[in-house]
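First up is the structure itself, then whatever we jot down about it.
Taken together, the values in this text are just the output of simple stated rules run on the coordinates, not laboratory data. Note that this is a predicted model, so its numbers are computed, not measured. Cβ placement follows ideal geometry from the backbone for every residue including glycine, while neighbour counts extend to all protein chains displayed.
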Amino acid sequence: MELLRFFTAGNVDDGKSTLIGRLLYDSNSISTDIIETLTKQSKTTGGNTDIDLALLTDGLRAEREQGITIDVAYKYFSTAKRKFIIADTPGHIQYTRNMFTGASNADLAIILVDARNGITDQTKRHSIISSILNIPHVLVCVNKMDLVNYSEATFNQIVADYKEFAKPLNLKDISFIPASALAGDNVVTKSEKLNWHKGPALLEFLETVNITDQNENEASRFQVQYVIRPQTEDHHDYRGYAGKVLSGSYKKGDKVLVLPSNIETVIEKIEKDQREIELAEISEPIIIHLKDDVDISRGSTIVPINSLPKTEKELNATLCWMDNAAFIPGQKLLLQQNSYRTKAVVKEVVSKIDIHTFDQLESDGSMKLNDICKVFIKTAEPLSFDSYKRNRNSGAFILINENTNNTVAAGTID
Amino acid sequence: MKNKLDYLDQLENEAIYILREVAGQFEKPALLFSGGKDSICLVHLALKAFRPGKFPFPLVHVDTGHNFPEALKYRDDLVTELGEKLIVRKVEDTIKEKKLVDAKGKFPSRNGLQTYTLLDVIEEFEFDACIGGARRDEEKARAKERIFSVRDEFGQWDPKKQRPELWNIYNGKINKGENVRIFPISNWTELDVWNYIKREKIELPSIYFTHERECILTENGQLMNTNEFVQIESSDVVVTKKVRYRTVGDMTCTAAVESEAYTIDDIISELKEAKISERGATRMDDRVSEAAMEDRKKGGYF
């Protein structure tokens, strides 16, 4: 069975929580005691349906009181065909940071549009973030079709508007589904009222969207997480490099380069779960043994000699600033890319991206919470990376404030 | 290029990756081990992550004194077999030392009290990271917690100050006095855990499988094990039923469920039919209020 990770974006008014609640409820993923609790809560908050489905995802008490989703909540359900992990993220402008977080691991984005309002600033914002994070699939779900009399013309207009707006975004794969989460139309089952729409209902779409070919063009990348040296009698000279295959594949006998030390060697042996294996593929946790005794430690990258990443101390990236405290020019930061860390400085804020138009605006050098900016970064030690567009695994990083230790920004390398 | 990996492989790979990040990022990590199925899975994953090396952390058990004897025996056998280090600290001792008031009532739960012992053991050994088997599907507050969850000196979780957690990049940097709770199986559901136990042929304490047991049938229909800590009154309905446990918590506050499940396959089919959530079915403590878990976590519970 396959696993699909998707995220939903939209605000309370778009019925996002209701949509997820509907998916969980209609696919029989909710247990009776939770439904009982919800029924009680729905009465106390004065919901107008029997069960307020939104309450399924609005987890924390503060949110229940305010009626907004303040953080990323993860929800799980499965059907006979797939297991799903939903990252449910709030849609408000001040929560761009959370959306970035929820979207970073997703295979698919569901962008909700209220059929009455069409494309809004929020739709644009979510689409632009999906573009920056290079989400493989985008589904535009036109919700609340019941409130526009299930009008095909309204839906078609929204589709046309969206396509026009999305042209410069280079989204990889866009689909559209009309639905009503509240009424249950086209969510789990196809609706008669929307029979003019030929495509599948939302759930069937999620069960069938192709997720098998995402990593075909990525070069092989491996980073050392931890060096295993048992130093016992049985394993006296054992020295293995534990990590996971970030992309591509590795096999015994491969000629490889260790970065940043730049030493060429050969893979002598690959182990997984205490067995020797010939071939290790994407995402597998393995232990690599190298033929030569080389300078290698946590964060070192092992790559095939015929497909090298860039290894440099300077990079251009798109940053989402995530800290409440604004960026201070010259601020010393730590850059972390998977298991590799080096000190870094943002040398220049080149431009600021308007998250409603995708235009690059002139920068005044500042970065505040939720700003998305093009930047130029210098690092203390060389970093081995690929462009994020080519490889999501080796082109992403976070910035950590050395003083507070908070994660202050997330970046994708140009 | 082979097809997309099976979901259990993906969950396993993610958990091993997280365990290795703990080993790489922290000076003094620990694995919180309860003898329950989730922490047993963590140990199994740690074997895959670190063998032939030793675990880069000890197992730590906060013993409430209300544990099922089957779970304690399982714990001791496992540690002997693996040759890994086990640290046990008892809630009983904390109560004496700190002159705390022990849990009272018909089914006395030391769930709140174990937080004290946990915080003490963290301080005693200066643990900077504690790995736990909590899952996001268990409860709504947990659904919002990060995989690397930073706690302050008092062990408190502040949902509003959580660090953003992106891609598979985990920021475990902390200031002195802080520590991080780490949840490698955050993304697993109860059913995933059972499917994994089946696939990996992991042995479990016997109380997960059906057996005859004397229980008190409570007013809200829960089956509570009779034992030395529970006061049986003449008005109690005491029944002997074929039951099993879905979670292994304290004997005093974990309810049994009626079951005919002799094997893991039986358990999996029962779960697929089950209409009640894991915590709802078995934990008296979470029924106290809707925000019970949120409050306990803010107070340092894991």
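Structure data summary
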| read-out | value |
| --- | --- |
| Computed label-point distance, nm, for sites B:K28 and A:K198 using a 7 Å Cα→Cβ extension | 6.7 nm |
| The stretch B:38-50 - phi-based ³J(HN,Hα) in whole Hz, Karplus 6.51/-1.76/1.60, Gly and Pro as x | 5, 6, 5, 4, 4, 5, 4, 5, 5, 4, 5, 6, 10 |
| Paramagnetic reach from A:E278 (point 7 Å along Cα→Cβ, amide N under 13 Å) across the stretch A:217-254 | A:251-253 |
| Relative contact order of chain A, pairs being alpha-carbon contacts under 8 Å that are 6 or more residues apart, as % | 12 percent |
| Loop trypsin sites (Lys or Arg not before Pro), the stretch B:173-269 (other Cβ atoms within 10 Å of the site Cβ: 11 or fewer; DSSP) | B:K176, B:K201 |
| Across A:K124/A:K190; A:K251/B:K173; A:K83/A:K167; A:K163/A:K378, pairs whose alpha-carbon gap is larger than 30 Å | A:K251/B:K173; A:K83/A:K167; A:K163/A:K378 |
| Test item: B:136-147 mean partner chain Cβ contacts at 10 Å | 5 |
| Qualifying GluC sites (Glu not before Pro) in the stretch B:85-143, DSSP loop, other Cβ atoms within 10 Å at most 15 | B:E126 |
| Charge sum, other residues only, whose C-beta stays under 13 Å from A:E348's C-beta, Lys/Arg counted +1 and Asp/Glu -1 | +1 |
| For the stretch A:294-309 versus the stretch B:64-85, the gap between their alpha-carbon centres in whole angstrom | 42 Å |
| Within chain B, helix-based [θ] at 222 nm, where runs of 4 or more DSSP H residues each add -39,500 (n - 2.57), nearest 500 | -10000 deg cm²/dmol |
| In Hz, Karplus ³J(HN,Hα) per residue of the stretch A:168-175 (6.51, -1.76, 1.60; θ = phi - 60°; x = Gly, Pro) | x, 7, 6, 5, 6, 7, 10, 10 |
| Positive-end residue, the stretch B:206-285 charge dipole about Cα centroid, Cβ charges, pick of B:S234, B:M224, B:L271 | B:L271 |
| Amide proton proximity set for B:K85, modelled H, under 5 Å, gap of 5+ | B:L59 |
| Gyration tensor verdict on the stretch A:326-414 (Cα atoms; rounded if a/c is under 1.5, prolate if a/b is larger than b/c, oblate otherwise) | oblate |
| Within the stretch B:192-218: backbone nitrogen closer than 11 Å to the B:K242 label point (7 Å, Cα to C-beta) | B:210-212 |
| Cα-projected label distance for B:T80 with A:Q157, points at 7 Å along beta-carbon direction, nm | 7.7 nm |
| HN-Hα J in Hz across the stretch A:396-403 - Karplus 6.51, -1.76, 1.60, θ = phi - 60°, x for Gly and Pro | 10, 8, 10, 10, 10, 6, 5, 8 |
| The protein assembly as shown: C-alpha gyration tensor shape, a/c 1.5 cut-off, then a/b vs b/c | oblate |
| Relative contact order computed over chain B (Cα-Cα under 8 Å; 6+ residues apart), in percent | 20 percent |
| Dipole magnitude of the protein assembly as shown about its Cα centre (Cβ charges: Lys, Arg +1; Asp, Glu -1), debye to nearest 20 | 1000 debye |
| For the stretch B:206-285: rounded, prolate or oblate by the Cα gyration tensor [a/c cutoff 1.5] | prolate |
| Tilt relative to chain A, helix A:16-26 - C-alpha long axis, 0 to 90 degrees, to 10 | 90 degrees |
| Using a Förster distance of 22 Å, the FRET efficiency for B:E219-B:E273 (Cβ separation, nearest 0.05) | 0.30 |
| A:T232 paired with B:E258, simple spin-label distance in nm, labels 7 Å along Cα-to-beta-carbon | 4.8 nm |
| DSSP-assigned coil residues among trypsin sites (Lys or Arg not before Pro) in the stretch B:1-62, each with at most 13 further Cβ atoms within 10 Å | B:K2 |
| Taking the stretch A:310-413 and dividing mean pair separation by its residue count, relative contact order in percent (alpha carbons under 8 Å, at least six apart) | 39 percent |
| Long-range amide H partners of A:L290 with built H, under 5 Å | A:E268 |
